[in-house]
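Inspection log for the structure reproduced underneath, given as structure tokens.
The values are calculated or read from the model by the stated rules, or taken from the named source; none is laboratory data. Treat the numbers as computed from the prediction; the structure is a model and nothing was measured. So basically every Cβ, Gly included, is an ideal-geometry build from the backbone, and we count neighbours across all protein chains shown.
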Amino acid sequence: MNSLLDRRFLFVTGKGGVGKTTVTAALALKFAAQGRRVLCAACNAKERFSTLFGVAPVGSEVAPLAPNVWGVNMEPAVAMAEYGMMILKSRALYMAVFENRYVRSFFRATPGLYEWAMLGKAWWHTTEQNPDGSHRFDIVLLDAPATGHGLDMLRVPKVIVDIVPPGILRRDADRAWEMFRDSKRSGVVVVTLPEDMPVNETLELLGSLDRELQLPVERIVVNFMLTRPHPLDPLDEGHAALAAGARRSFRETVQAQSLARLADVKVPRVYLPHLFEGAETLDALRDLARRL
């Protein structure tokens, strides 16, 4: 993972339920330990950064999570309002244009516009500067929506670049899309599980990222790997122990078959263990960060 330290933007995606948010948080701690200032951005999601880092709930304002780590949970309407203020540079003009009910209805009815508001906001934070001209954040980690929605989100700037006439929207989408396609500045991290359905979605996702969008996939993170037996209660005997052994054997077989299907994918892989004690604590995150 040290080879990703110079990236400015990482798009973390995968099938729902594979642990994308946990991996995003562990990556943030990994990079922060190397002296990077990291922003974790979620897309209008059920907020989990506060639970993982043990801090107050994270909303639409950037808030600290840990030393050198910040978080934000982007809301489409708020992101659109921030974009409008940046363009118009006048609150009165913004209120007249963006708060018009017809304009709001147009935004809601335009496919992809709210997705671009969130993706564009995450990208904008890579350009945000301190008063001395330095970058406010060294890297932005986007905890993206699950596979299908995540792909749709990544398609939006390409569509804008391809069909929207020159102007502010096209200019910013062009700059963002240029970054997303540059493997020295950006990349996609795909999170999966060593199970049949997640691997199916991962292979489909990798095909779309390569053939359709031509975006650099930097890592596959295989989460919840079985590396040691599940701890049994000392009182477990007989049938309970046999049942536990059978479940373990079945899961190991599925895991081996799933990993074999990923063997030919020419993308570096990282394996994270199944933490039987749970991954919802800062200590667990630090453990995963060390393993990264």
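Look through region 1-49, keep the residues that are of a type in the set (Lys, Arg) and part of a helix (DSSP H, G or I), and return whichever of them is farthest from LEU142 (Cα to Cα).
Looking at residues that are of a type in the set (Lys, Arg) and part of a helix (DSSP H, G or I), I get LYS30.
Within region 275-290, identify whether any single residue is under 24 Å from the mean Cα position of the chain (by Cα), surrounded by fewer than 13 Cβ atoms within 10 Å (Cβ to Cβ), part of a loop (DSSP other than H, G, I, E, B) and in contact (Cβ under 8 Å) with a residue 40 or more places away in the chain, and answer yes or no.
Scanning region 275-290 turns up at least one residue that is under 24 Å from the mean Cα position of the chain (by Cα), surrounded by fewer than 13 Cβ atoms within 10 Å (Cβ to Cβ), part of a loop (DSSP other than H, G, I, E, B) and in contact (Cβ under 8 Å) with a residue 40 or more places away in the chain.
When you scan region 161-197, how many residues do you find that are in contact (Cβ under 8 Å) with a residue 60 or more places away in the chain, touching a helix residue (DSSP H, G or I) at 6+ places or on another chain (Cβ under 8 Å) and not aliphatic (A, V, I, L, M)?
8
Would you be able to say whether some residue in region 35-58 is surrounded by fewer than 18 Cβ atoms within 10 Å (Cβ to Cβ), hydroxyl-bearing (Ser, Thr, Tyr) and under 22 Å from ALA284 (Cβ atoms)?
Yes: region 35-58 contains one or more residues that are surrounded by fewer than 18 Cβ atoms within 10 Å (Cβ to Cβ), hydroxyl-bearing (Ser, Thr, Tyr) and under 22 Å from ALA284 (Cβ atoms).
So if I check each of LEU169, LEU205, LEU209, LEU215, which one is farther than 25 Å from ALA260 by Cβ and within 16 Å of the chain's Cα centre (by Cα)?
LEU215
Only one of THR281, THR192 is β-branched (Val, Ile, Thr), modelled with pLDDT under 95 and closer than 30 Å to LEU65 by Cα. Can you tell me which?
Criteria check complete, one pass: THR281.
Could you tell me whether THR202 is polar (S, T, N, Q) and either touching a helix residue (DSSP H, G or I) at 6+ places or on another chain (Cβ under 9 Å) or crowded, with 16+ Cβ neighbours inside 10 Å (or both)?
yes
Would you please list the contacts, defined by Cβ atoms under 8 Å and residues six or more apart or on different chains, that run from a residue in region 256-267 that is in contact (Cβ under 8 Å) with a residue 12 or more places away in the chain and under 20 Å from THR227 (Cβ atoms) to a residue that is part of a helix (DSSP H, G or I) and of a type outside the set (Asp, Glu)?
From residues that are in contact (Cβ under 8 Å) with a residue 12 or more places away in the chain and under 20 Å from THR227 (Cβ atoms), the pairs are SER258/PRO198; SER258/VAL199; ARG261/VAL199; ARG261/LEU203; LEU262/VAL199; LEU262/THR202; LEU262/LEU203.
I'd like the full set of residues that are under 11 Å from VAL221 (Cα atoms) and surrounded by fewer than 19 Cβ atoms within 10 Å (Cβ to Cβ), limited to region 1-28.
If the condition is that a residue be under 11 Å from VAL221 (Cα atoms) and surrounded by fewer than 19 Cβ atoms within 10 Å (Cβ to Cβ), then MET1 is the only one that fits.
Can you name every residue in region 120-135 that is part of a helix (DSSP H, G or I) and in contact (Cβ under 8 Å) with a residue 60 or more places away in the chain? Let's see the steps before the verdict.
Residues of region 120-135 part of a helix (DSSP H, G or I): 120-127.
Of everything in region 120-135, those that are part of a helix (DSSP H, G or I) and in contact (Cβ under 8 Å) with a residue 60 or more places away in the chain turn out to be LYS121, ALA122, TRP123, HIS125, THR126.
Would you check if there is a residue in region 168-185 being surrounded by fewer than 21 Cβ atoms within 10 Å (Cβ to Cβ), of a type in the set (Gly, Ala, Ser) and over 22 Å from MET86 (Cα atoms)?
Yes, the conditions are met somewhere in region 168-185.
Whether any residue in region 13-21 is farther than 23 Å from PRO76 by Cβ, touching a residue at least 24 places away in the same chain (Cβ under 8 Å) and touching a strand residue (DSSP E or B) at 6+ places or on another chain (Cβ under 9 Å) is what I want to check.
yes
Given the options PRO145, PRO165, PRO131, name the one that is touching a Cys at 6+ places or on another chain (Cβ under 8 Å), of a type outside the set (A, V, I, L, M, F, W, C) and at pLDDT below 95.
Testing whether each residue is touching a Cys at 6+ places or on another chain (Cβ under 8 Å), of a type outside the set (A, V, I, L, M, F, W, C) and at pLDDT below 95 leaves just PRO145.
How many residues, within region 65-88, are at pLDDT 95 or above and assigned to a loop (DSSP other than H, G, I, E, B)?
2
Within region 225-247, is there a residue that is part of a helix (DSSP H, G or I), among the basic types (Lys, Arg) and modelled with pLDDT under 90? Write out each step before concluding.
Applying the first criterion (part of a helix (DSSP H, G or I)) to region 225-247 yields 238-247.
Then keep just the ones that are among the basic types (Lys, Arg); that gives 247.
Narrowing further to those that are modelled with pLDDT under 90: 247.
Within region 225-247 (the criterion being part of a helix (DSSP H, G or I), among the basic types (Lys, Arg) and modelled with pLDDT under 90), the answer is yes, since at least one residue qualifies.
Could you tell me whether any residue of region 50-64 is farther than 23 Å from PHE180 by Cβ, at pLDDT 80 or above and assigned to a strand (DSSP E or B)?
Scanning region 50-64, I find at least one residue that is farther than 23 Å from PHE180 by Cβ, at pLDDT 80 or above and assigned to a strand (DSSP E or B), so the answer is yes.
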